[in-house]
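Visitor: A single structure is presented below for examination.
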């Protein structure tokens, strides 16, 4: 069952409102076993709405229309639909009573423009609006199921869940959708694609499971989804496909679905009963902030310092002035001394040191903007690496902080 | 000039990504005097992309396509466009060099799927990607101007502004739109609405300039826009309306358009030749991270500490153990001692101390989750205030960090 989601409204067309109704409806329809295939938006214009409605009922099995049900003159949608499909508007008594009651409770007089909302196309099934005034409408037009919803998200959500979905849930003919997202870090998108490609058939599926990539800087999401007769079958197929991908990509996958990298690191620290402290220069506190975004971080995160100046690196972390002179503030040696310093002073098990050049100023041919040294010092040893992240300042910070988190993760996995 | 904005991508169709590119492009095109009339989204499917492209060039004068330019197998957009319009793909040498250079700087080998991104339809004008790998493309197809952009917002924005808009700016005739956004902090939306309402006529306009509110947590944006025959007239009207709003709201407005609160604070510090250091508990480094998001922050930001544990507050900041015992870690006294401590140890002019309860655990009837004390100590005196921000953990951190920045801003304005 193919779904089209059609929004009407100048505020969406003009970009003043982001069309989050479309993504919300698409997610709900997929969960119910339908297949979203088209989203469209048109302005509050009779001709354009009519044309979009005709195209939608022609190419989709289910057409969900949002917006244009309100009391104002530019709320045209149902009026246009009535004309387009030859279903004259009729007053719907129950909706009229609801709207009158709503205004009575507010102590306001109802205007004729408010009553207009209760006029619905002949033969439709009204969809009650439990949190606002304008009712929706549903009917079958040719082979297409057609439904009209308010554009106000809260009203749309309630109407969709309580009154619309029960009407069409049976149409999805038993197909259920299962999905899983694998979050990857530490390899470029192209590399991941090359690793996984041998697993895919010519339809780009893995044993009937579809795959998609999505960059969510600084990580890459690998999305798996599959439809089957029932949920258990769909889920089993997705789980089996995920297993094959784990076998290829291994530790490059740091988590599934809603989890964030900093949560994974927190969990690993808690499981091992280890503590952490951070010493940051170029990431400017972002690493500490990500770590403390996780509820309960105080159980493993002891402290952090942001030592932008050399003086602070010496005083706060005990970095040797000679090291700064000999190697410069952005060097493997200073990163290691920062990590050792914060570890020793805080008493944490893991100490992280980060120093680099966020730019856009401060680069040199030898140490260009984007250069960063990350060090981790822990009971099992010391690790240090130089990276080059040639991005703008904010993305540089994100990538450097994520690289430090990812290294902590891999070290903790390796030490068991 | 009618505009269609077409997005390709399963992640948008499936609702996993909200199509904010469409609203961004619509706003920019309106500013440039064009008229957005259609938004469409189709999945990563050759037939559906081809059909959508043909319809778009048929009904619009300018067609902006986003997504599907990357290196993976589901990045199909330009390939399909090349077939649909009979323009075979050709290697674009400069883009190939750019991509190779990008991977060389990363120290990685380039795969053939990466090079695929540099194959562009014959006769097109390539649109350089200054912040990523995949170039865009622009050409005239029949009567329509057709442009292809990456789906990654940051890459889209740069490419649109620097390379696309100059190519088509001359095409828009007639009305020009001017707009201005005033960023407000420190008052609720309802208060702002009440302050401004007396300025508005019955159409809710101020001398022909339209007004709108938008909450962009943790700040509120007040948007002004106006259309006129030419840009100068439109801009003059918007500027005059903004003046009237400044007269009402005053210091509650911290900046205009693209500026961020942390940039305003940085500018004020630089102008006064002052330096800053931060001591954070519940914000966990977010304040330092925001400050260091601004390029050149090293000229005024000396250092920060994130003292989650009491031990760290004592050792790093010299907070008296007796103060912690008598008042608790979340108290005015501790916030002040943190601010004094970081100021004294770093030698900065302004020291900030923040301590609070981010939750969801750790609250008490006396100090509920969301309680935060913020202190600023500077040459002119000491300031401290208790706030209650009863939001989830991440929004609590954002609001507390913004409140500290806003206080720094107001103090610096008051001391001149």
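A short reminder: the numbers here are calculations on the coordinates, not readings from a lab. This one's a predicted model, so the numbers in the text were calculated from it and none came from an experiment. All Cβ positions, glycine included, derive from the backbone under ideal geometry; neighbour counts span all protein chains shown.
Visitor: Can you give the Rg to Rh ratio of segment B:35-88, both from alpha-carbon atoms, with Rh computed by the Kirkwood formula?
Guide: Details: Rg = 11.1 Å, Rh = 11.7 Å.
For segment B:35-88, the value is 0.95.
Visitor: Over the whole of A:355-368, what's the average partner chain Cβ count within 10 Å per residue? Rounded to a whole number, please.
Guide: Details: counts 0, 0, 0, 5, 1, 2, 3, 3, 0, 0, 0, 0, 0, 1.
Averaged over the peptide's residues, the number is 1.
Visitor: Highest mean first, what order results for A:224-236, B:392-404 on Cβ atoms within 10 Å? The partial results should precede the final answer.
Guide: Numbers: A:224-236: 17.4, B:392-404: 21.7.
Put in order of decreasing packing, that is B:392-404, A:224-236.
Visitor: Using alpha carbon centroids, what distance separates segment A:257-307 and segment A:90-138, in Å?
Guide: Centre-to-centre (Cα) distance: 53 Å.
Visitor: So what's the back-of-envelope 222 nm ellipticity for the protein assembly as shown, counting only DSSP H runs of four-plus at -39500 (n - 2.57) apiece and dividing by all residues, rounded to 500?
Guide: Values: 32 runs with 329 residues, N = 832.
Theoretical 222 nm ellipticity from helices: -11500 deg cm²/dmol.
Visitor: Residue by residue through A:181-190, how many Cβ atoms from other chains fall within 10 Å of the Cβ on average? Mind showing how you got there, number by number?
Guide: Details: counts 1, 0, 0, 0, 0, 0, 1, 8, 7, 15.
Mean partner shielding for this stretch: 3.
Visitor: If we hang a label 7 Å off Cα along the beta carbon direction at residue A:59, how far is it from the matching labels on the other copies, in nm, shortest first?
Guide: 0.9
Visitor: Can you check what the Kirkwood hydrodynamic radius comes to for segment B:261-415, Cα pairs only, in Å to one decimal? Could you put the intermediate results ahead of the total?
Guide: Numbers: mean 1/r = 0.0662 Å⁻¹.
Final number for the Kirkwood radius of segment B:261-415 is 15.1 Å.
Visitor: Still on this structure, please answer the following. At what distance in nm do the modelled label points of residue A:204 and residue B:382 sit from each other, each positioned 7 Å from its Cα along Cα→Cβ?
Guide: Rounded to a tenth, the inter-label distance reads 6.3 nm.
Visitor: Ok, one more. Summarise the partner chain shielding of A:276-287 as one whole number: the mean count of Cβ atoms from other chains within 10 Å of each residue's Cβ.
Guide: Values: counts 0, 4, 2, 0, 6, 3, 2, 4, 12, 18, 7, 3.
Mean inter-chain Cβ contacts per residue within 10 Å come to 5.
Visitor: A further question follows. Would you mind giving the three semi-axes, in whole Å and largest first, of the ellipsoid equivalent to chain A according to its Cα gyration tensor? Each step should come with its number before you reach the end.
Guide: Numbers: eigenvalues 608, 132, 74 Å².
The answer is 55, 26, 19 Å, longest axis first.
Visitor: Among A:351-364, B:333-346, how do they line up by average Cβ neighbours within 10 Å per residue, starting with the highest?
Guide: On the way: A:351-364: 22.2, B:333-346: 24.3.
Descending mean neighbour count gives B:333-346, A:351-364.
Visitor: Follow-up question, since we're still on this one. Which residue, A:128, A:198, A:36, tops the fluctuation ranking in a GNM of chain A built on C-alpha contacts under 10 Å?
Guide: Of the options given, A:198 has the highest mean-square fluctuation.
Visitor: Which residue fluctuates the most in chain B, going by a Gaussian network model with Cα springs under 10 Å, if the choices are B:208, B:347, B:15?
Guide: Taking springs between Cα atoms under 10 Å, the residue moving most is B:15.
Visitor: On to the next question. To check you understand DSSP bridge types, tell me what percent of the beta bridges within segment A:101-220 (both residues inside) are antiparallel, rounded to 5.
Guide: Details: 13 of 13 bridges.
Within segment A:101-220, antiparallel bridges account for around 100 percent of the total.
Visitor: Could you tell me what percent of the DSSP beta bridges with both partners in the protein assembly as shown are antiparallel, to the nearest 5?
Guide: 65
Visitor: Along Cα-to-Cβ, 7 Å out, sits the label point; list in nm, shortest first, how far the one on residue A:270 is from those in the other copies.
Guide: Label-point distances to the other copies, shortest first: 4.2 nm.
Visitor: A follow-up question, please. With an 8 Å cut-off on Cα pairs and a minimum separation of 6 or more residues, tell me the relative contact order of chain B in percent. If you can, show how the numbers build up before the last one.
Guide: Values: 788 pairs, mean separation 42.5, N = 416.
10 percent.
Visitor: Rank B:185, B:85, B:389 by mean-square fluctuation in a GNM of chain B with C-alpha springs under 10 angstrom and give only the top-ranked residue.
Guide: Between B:185, B:85, B:389, it is B:85 that shows the largest mean-square fluctuation.
Visitor: For segment A:176-256, what's the radius of gyration and Dmax over Cα atoms, in angstrom?
Guide: Cα only, segment A:176-256: 12.1, 37 Å (Rg, Dmax).
Visitor: What are the label-to-label distances in nm, one decimal and shortest first, from residue A:198 to the same spot in the other copies, with labels 7 Å along Cα to Cβ?
Guide: In ascending order, 7.6 nm.
Visitor: From largest to smallest, what semi-axes in whole angstrom does segment A:72-224 give when each is the square root of 5 times an eigenvalue of its alpha carbon gyration tensor? All intermediate terms of the calculation are to be shown ahead of the outcome.
Guide: Details: eigenvalues 418, 76, 37 Å².
Result for segment A:72-224: semi-axes of 46, 20, 14 Å.
Visitor: Now for a different question. Could you work out how far the C-alpha centroid of segment B:24-61 sits from that of segment B:195-238, in angstrom?
Guide: A separation of 28 Å, based on Cα centres.
Visitor: Taking N as the number of residues in segment B:354-398, what is its Cα Rg relative to 2.2 N^0.38 Å?
Guide: Working: Rg = 11.9 Å, N = 45, 2.2 N^0.38 = 9.3 Å.
Ratio of Rg to 2.2 N^0.38 Å for segment B:354-398: 1.27.
Visitor: Please work out the Cα convex hull volume for the protein assembly as shown and give it in Å³ per residue. List each step's numbers first, then the result.
Guide: Details: hull volume 151.4 nm³, N = 832.
Residue-normalised Cα hull volume stands at 182 Å³.
Visitor: Continuing with this model, one more query. Within 10 Å, count the other beta carbons around each residue, average over each peptide in B:41-47, B:282-288, and list them highest first.
Guide: Numbers: B:41-47: 19.3, B:282-288: 30.7.
So the order, starting with the most tightly packed, is B:282-288, B:41-47.
Visitor: When the Kirkwood radius is taken over all Cα pairs of segment B:1-160, what Stokes-Einstein diffusion coefficient follows at 10 °C and 1.306 mPa s, in µm²/s? Write down the numbers at each step before the final one.
Guide: On the way: Rh = 15.7 Å.
Diffusion coefficient, whole number: 101 µm²/s.
Visitor: Hey, another quick one. Over the Cα atoms of segment A:242-289, compute the convex hull volume and normalise it per residue, giving Å³. Before the final figure, lay out the partial values.
Guide: On the way: hull volume 5.2 nm³, N = 48.
So the per-residue Cα hull volume is 109 Å³.
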